[in-house]
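Read through the structure below, which is laid out as structure tokens, and then see the notes.
Values in this text are rule-based calculations from the coordinates and carry no lab data. Fair warning: this is a prediction, and the values are worked out from it, not measured in the lab. Heads up, the Cβs are rebuilt from the backbone with ideal geometry, glycines too, and the neighbour counts pull from every protein chain shown.
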Amino acid sequence: MGEHGIELGEGGAIPVNADGSFGGSADSADFDAAMQACEEQLGPPPADAGTQLDEDTKAQILRFTKCMREAGYDMPDPDFESGEVVVSGGADADPQDVERCSMEAGLAAQPEGAQ
């Protein structure tokens, strides 16, 4: 991520906001592009099976997955039990589609004045 201009937190962690969206200083399009480049090089990031998601977050992830499918991407069903939850759209995803679906699902902060 650092090679693509994304500052990482302590221990190499990706900073996140309380809503699960990227919390760093780069804008979300730059973050999405860096994630896509890293996934192309290294494959998808490992899931943290120890992370427990609340029902609202699960619903947001399901809305994101549905939106990405409607946009033409082959998104797997999230497996909340095993931690196999993908919210990046994959290596071939257009960052604009990922950002739009993230916002529609409630996973990203809405720009001020947007509804």
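Structure notes:
- Computed E for E7/D54 - FRET, C-beta separation, R0 25 angstrom, nearest 0.05: 0.35
- Couplings for region 33-43, taken from phi via the Karplus curve 6.51 cos²θ - 1.76 cosθ + 1.60 with θ = phi - 60°, read 5, 5, 4, 4, 4, 5, 5, 5, 7, 10, x Hz in order; Gly and Pro are left as x.
- Extension gain for R63-E40 works out to 5.8 nm (0.36 nm per residue, less the C-alpha to C-alpha distance).
- Footprinting exposure proxy for E40, E104 (fewest neighbouring C-beta atoms within 10 Å first): E40, E104
- Sorted by Cβ density within 10 Å, fewest first, the residues F80, F31: F80, F31
- Pairwise label distance in nanometres, D77 with D94, each label 7 Å out on the Cα-Cβ vector: 2.8 nm
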